[in-house]
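See structure below.
The values are calculated or read from the model by the stated rules, or taken from the named source; none is laboratory data. Computed from a prediction, not measured in an experiment: that's the story for all the values here. Cβ sites come from the backbone with ideal geometry, for glycine too, and all protein chains shown count toward neighbours.
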Amino acid sequence: MYTTLISAEQLQALRKSGAPLMLFDCSFELMNPAAGEEQYRQAHIPGAVYAHLDTALSDEGVVEPDGTHHPHDDAASGGRHPLPSREKFAMWLCSVGFDNGMQAVVYDRQNANYCGRLWWMLKWAGHDAVAVLDGGLQAWQAAGGDTTGRAEAAHFQSNFELGEPLRRLVSGDEVAAALPGGRQTLVDARAPARYRGEVEPLDPVAGHIPGALNRPFAQNLDAQGRFKSPGELRAEFEQLLQGRDPSGVVHHCGSGVSAVPNVIAMEVAGLGPTALYAGSWSEWCRDPRRPVAKG
């Protein structure tokens, strides 16, 4: 069972073994939401199911003309990419034929920025056997892996059953309540200029949650787009945390998506599991009662 990362070579061997396996292509482009599915149509690992960030991995809710998103009442978080309820997510897994006995492997073309979301959601649904394809589709192709542009056959409906959550989801109220006491260490995965509040291309307010540390998610990867070694990641996170307890870390970003590579990296480093504030800055900054820091 693979639970964090899987290499292209390991995936090739797993496919040949005949073990129950489902692949998910999560390619996405934030500024062009249709681009990821088009990339999938052009080339994907044979058999892979496409998982669209906006429709499969988020609560669709209602979007106003100005872009304001109103999640459904049962959504598990707010923000620009609200988590759907665990029950709705399980229904989607059933619709694509995924069941509890399968190993899931998730990948994208964007440095694990988007496939990490599905990795985390499967853990949250109680399914531990999920791994990120290290290096994404690029690593698969570099290792001689085959791809196809053909449409995949429809899957039979399965009966995926939710288990106890294996990862902790934190609400904005919980984050706010813990701000004064030092019981948590917030880690913000956004780019430094957004964290400092110098620019804000997506949300109505610039800045960050007071006390949050900054670790852009791309810092977890090497020049080939693969996660750095466990030792290297551990040293970098220990330097970031400066003696703070790793178990008190709560990760966030703009909308709860690009924070997940930091979650994965801490687990690879032997410092996890840690919590996720999925609503993230996009939820936090829309509440005028909540404090904002800059710099």
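Confirm whether Arg86 is over 18 Å from Pro261 (Cα atoms), touching a Leu at 6+ places or on another chain (Cβ under 7 Å) and at pLDDT 95 or above.
In short, yes.
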| Filter result (surrounded by fewer than 18 Cβ atoms within 10 Å (Cβ to Cβ) and either touching a Ser or Thr at 6+ places or on another chain (Cβ under 7 Å) or of a type in the set (Asp, Glu) (or both)) within the stretch 248-279 | Gly248
| task | Give the residue that is farthest from Leu169 (Cα to Cα), with candidates limited to residues of the stretch 72-105 that are in contact with a Lys or Arg (Cβ under 9 Å, 6 or more places away or on another chain) and surrounded by fewer than 20 Cβ atoms within 10 Å (Cβ to Cβ). | result | His72
| task | Considering (1) in contact with a helix residue (DSSP H, G or I) (Cβ under 6 Å, 6 or more places away or on another chain); (2) over 30 Å from Gln10 (Cβ atoms); (3) among the basic types (Lys, Arg), say which one Arg167 fails and leave the rest. | result | (2)
| Filter result (in contact (Cβ under 8 Å) with a residue 60 or more places away in the chain, in a loop (DSSP other than H, G, I, E, B) and either on the phi < 0 side of the Ramachandran plot or not assigned by TED's automatic domain parsing to the domain that holds Gly197 (or both)) within the stretch 236-273 | Asp245, Cys253, Gly254, Ser255, Val257, Ser258, Ala259, Pro273
